[in-house]
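Report on the structure given below.
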Amino acid sequence: MKIAIGADHAGYHLKEALREGILAEYEVLDFGTHSPERTDYPLYAFAVGEAVAGGEADLGILICGTGIGMSMAASRVPGIRAALCTNVYMAKMARAHNDANVLCLGGRVIGPGLAEEIVRAFLTTAFEGGRHARRLELLDRGPRGNGG
Ligand code: RB5
């Protein structure tokens, strides 16, 4: 499984910790940032989102200070369902019920130990389909039913 990962300065240290830890078991496409110097989260959210939506990566992980900006930005990429998760249950449900394809984490919210458990749950849980697939179809049709 190929994982696209990105972070801004507030997520940089957690990104590095995950790369050295659980992500060492996976093929990783690292879209930066590559230092703790201040930068802008949408750049990384769009890069990771495009990689996942385009099939270059299977799943994505994005980290900023809270995970909020990354989830907002990544979800603007067509085909991306980004989920901000702060615990293992949310990560499992994001995959099982929402078929989320990008996990967002808050580097100023959770520590590396919990982040690793969340990532593990996200990467190892499958989408359940069934009634949840119907809801994703509705999501794709959008509030006006025309995909817009
Ligand atoms: C950067 O200070 C911070 O605003 C950013 O990492 C993120 O938390 C935004 O949602």
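No lab work stands behind these numbers, since they all come straight from the coordinates. As the structure is a computational prediction, the values presented were derived from the model and not from experiment. Here Cβ is always computed from backbone atoms with ideal geometry, including for glycine, and neighbour counts include all displayed protein chains.
Work out from phi, with θ = phi - 60° and the Karplus expression 6.51 cos²θ - 1.76 cosθ + 1.60, the ³J(HN,Hα) of each residue of the stretch 130-144, listed in order in whole Hz, and give x for Gly and Pro.
Result, ordered by residue: x, 4, 6, 5, 4, 5, 5, 4, 4, 4, 5, 6, x, x, 9 Hz.
Mind checking the dipole of the stretch 18-148: about its Cα centre, +1 per Lys or Arg Cβ, -1 per Asp or Glu Cβ, Debye to the nearest 20?
My answer is approximately 680 debye.
Classify the stretch 57-126 as rounded, prolate or oblate from the Cα gyration tensor: take a ≥ b ≥ c as the square roots of its eigenvalues, call it rounded if a/c is under 1.5, otherwise prolate when a/b beats b/c and oblate if not.
Cα axes put the stretch 57-126 in the oblate bin.
Per the helix-only calculation at 222 nm, which mean residue ellipticity applies to the chain, given -39500 (n - 2.57) for every DSSP H run of n ≥ 4 and division by its residues, nearest 500 deg cm²/dmol?
Here the helix-only value at 222 nm equals -12500 deg cm²/dmol.
Which loop GluC sites (Glu not before Pro) in the stretch 1-40, with loop taken from DSSP, have no more than 14 other Cβ atoms within 10 angstrom of their Cβ?
In loop regions of the stretch 1-40 (DSSP not H, G, I, E or B), the sparsely surrounded GluC sites (Glu not before Pro) are 37.
Can you give the relative contact order of the chain as a percent, counting alpha carbon pairs under 8 Å and 6+ residues apart?
Relative contact order of the chain: 23 percent.
Hey, for a label at residue 13 modelled as a point 7 Å past Cα toward Cβ, could you say which residues of the stretch 107-123 have their backbone N under 15 Å away?
It comes to 107-115, nothing else.
Rg(Cα) of the chain divided by 2.2 N^0.38 Å?
Rg over 2.2 N^0.38 Å, computed on Cα atoms: 0.98.
Rounded if a/c is under 1.5, else prolate if a/b beats b/c, else oblate: with a ≥ b ≥ c from the C-alpha gyration tensor eigenvalues square-rooted, which is the stretch 90-148?
Because a/c hits 1.5 or more and a/b fails to exceed b/c, the stretch 90-148 counts as oblate.
Work the Kirkwood hydrodynamic radius out for the stretch 41-97: mean of 1/r over every pair of different alpha-carbon atoms, inverted, in Å.
For the stretch 41-97, inverting the mean 1/r across all distinct Cα pairs yields 11.4 Å.
Calculate the all-directions average of the projected area of the stretch 6-53's alpha-carbon convex hull, and give it in nm².
Projected over every direction and averaged, the Cα hull of the stretch 6-53 covers 3.2 nm².
Shape of the stretch 1-84 from its Cα gyration tensor (a ≥ b ≥ c, root eigenvalues): rounded if a/c is under 1.5, otherwise prolate when a/b > b/c, or oblate?
oblate
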